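As structure tokens, the structure follows; a few thoughts come after it.
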Amino acid sequence: MATILNKDELPFSASSWQFEGYLHDAVNVSFFLSNTSPEQGPLLHKHPYEEIFIVQEGKLTFTVGDTVIEASGGQIVIAQAGIPHKFINSGTEVARHVNIHASPRMITTWLEENDPPNRAE
């Protein structure tokens with residue numbers, strides 16, 4: 001069986017649309033479709049599963065564990081399960097990216113205080 005969703009049917013908050021697989025025929029993956037403004041991004045957090053970031057346009061600076069990585073359009077960054085990570089749009093334009101959560105439900109543990117809820121992690 002195939003299902004088609006319009007992006008606008010997904011929950012939207014601030015800069016991203018959220019797809020959680022358990023809400024859609026028990027699909028075993030979740031993701032954010034994100035448009036992150038310059039100098040924006042989530043604070044340090046972790047998940048009990050891998051998160052894969054597909055940078056489509058723009059430039060993001062990631063901190064994954066003790067490593068700082070700059071990624072731009074066409075590059076993919078992987079944060080392993082349980083490893084603290086965050087990113088910020090370090091460019092001057094809106095960054096477009098897909099953040100894939102290897103889980104049917106998004107499970108996030110925030111590690112820094114004062115993080116606004118519903119940021120694309």
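Values quoted throughout were computed directly from the atomic coordinates according to the rules given, and no laboratory measurement underlies them. Predicted model only: the values in this text are computed from it and were never measured. We place every Cβ from the backbone using ideal geometry, glycine too, and count neighbours over all the protein chains shown.
Points worth noting:
- In this rough spin-label picture, where each label sits 7 Å from Cα along the Cβ direction, the Leu43-Asn6 distance is 3.7 nm.
- Spatially proximal lysines relative to Lys86 (Cα-Cα < 20 Å; intrachain offsets below 8 disregarded): Lys46, Lys59
- Contact order normalised by residue count of the chain, Cα under 8 Å, 6+ apart, percent: 35 percent
- A Förster distance of 30 Å, applied to the separation of the beta-carbon atoms of Trp110 and Glu57, puts the FRET efficiency at 0.65.
- Within-14-Å neighbourhood charge of Glu70 [Cβ basis; K, R +1; D, E -1]: +2
- In nm, spacing of pseudo-spin labels at Ile78 and His24 (7 Å Cα→C-beta vector): 2.3 nm
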